[in-house]
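Peer 1: Handing you a structure now.
The values are calculated or read from the model by the stated rules, or taken from the named source; none is laboratory data. Just so it is clear, the structure is predicted and the values come from calculations on it, not from any experiment. Cβ: placed from backbone, ideal geometry, glycine included. Neighbour counts: every protein chain shown.
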Amino acid sequence: MVIGNEVPKVYEALLDTMGVKHGDQAVEDDQKNEKGSLFSRFVDVISGVFMPVVGVLAAVGILKGLLALCTSLGWMTDQMGTYKILYATADAMFYFFPVILGFSAGKKFGGNPYLSAVLGAALVYPTITTAFTDKTALSFLTIPVVLINYTSSVIPIIIGAFLAAKVEKMISKYAPASIKMFIVPFLTLVIISPIVFLVVGPIATIISDGLAKPPCGFTS
């Protein structure tokens, strides 16, 4: 049976018929259950975002370790095609980490994971990384952009995915059904992408750097 753009509504109606909690109702119930502990909610978010990728992280980490061992023992050089292919496979996970985390975070926050994956991809897009490397000035509507190297970053895309999920849900409430399929992703990206580059990215990077630095009086 073809139902066009009404799939989400029909899906929610079916869940209601089966007595299954979903969408905002499930989120509200979770918030009520966890209201007493902000720390437990924080741990739940972090585990929900990272757990799906932990196995792959371990795999590529082992692969990079084996490649380092092979080169140190003289079994392989970094100029060999075999090494380059395997290293690209292992390093891609870390280089494009914002894309992978964006997808995982989007699912955790109840948004469209492909939208948050696109946000992550924008952070590591070659034009942006090249501008950072070459120290090229960028601006958005005359507002200067603080250039940061977002490859392997974590916090900016998690916050961006959270905001994207909230904005997406808000726009979905008012978007006409006939154009909802494309207008909701379009508006979400147009709104959230500049916010991530202008506000979220710089602030999240400062927080990350602050957490990474040892306390005063201590040296690593």
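Peer 1: Please state which one of Thr219, Thr133, Thr205 is over 29 Å from Asp91 (Cβ atoms), at pLDDT below 90 and of a type outside the set (Gly, Ala, Ser).
Peer 2: Thr219
Peer 1: Related question: Among Val196, Val145, Val200, Val184, which is the only one that is within 28 Å of Asp91 (Cα to Cα), surrounded by 14 or more Cβ atoms within 10 Å (Cβ to Cβ), over 16 Å from the mean Cα position of the chain (by Cα) and at pLDDT 85 or above?
Peer 2: Every option except Val145 fails the conditions.
Peer 1: Take the conditions at pLDDT below 90 and either touching an Asp or Glu at 6+ places or on another chain (Cβ under 9 Å) or under 20 Å from Ser208 (Cα atoms) (or both) and apply them to Ile155. Does it pass?
Peer 2: yes
Peer 1: With part of a helix (DSSP H, G or I), hydrophobic (A, V, I, L, M, F, W, C) and closer than 23 Å to Thr205 by Cβ as the only criterion, which of Leu57, Leu67 stands out?
Peer 2: Among Leu57, Leu67, only Leu57 is part of a helix (DSSP H, G or I), hydrophobic (A, V, I, L, M, F, W, C) and closer than 23 Å to Thr205 by Cβ.
Peer 1: Take the conditions surrounded by 19 or more Cβ atoms within 10 Å (Cβ to Cβ) and either outside any helix (DSSP H, G or I) or among the acidic types (Asp, Glu) (or both) and apply them to Ser153. Does it pass?
Peer 2: The answer is yes for Ser153.
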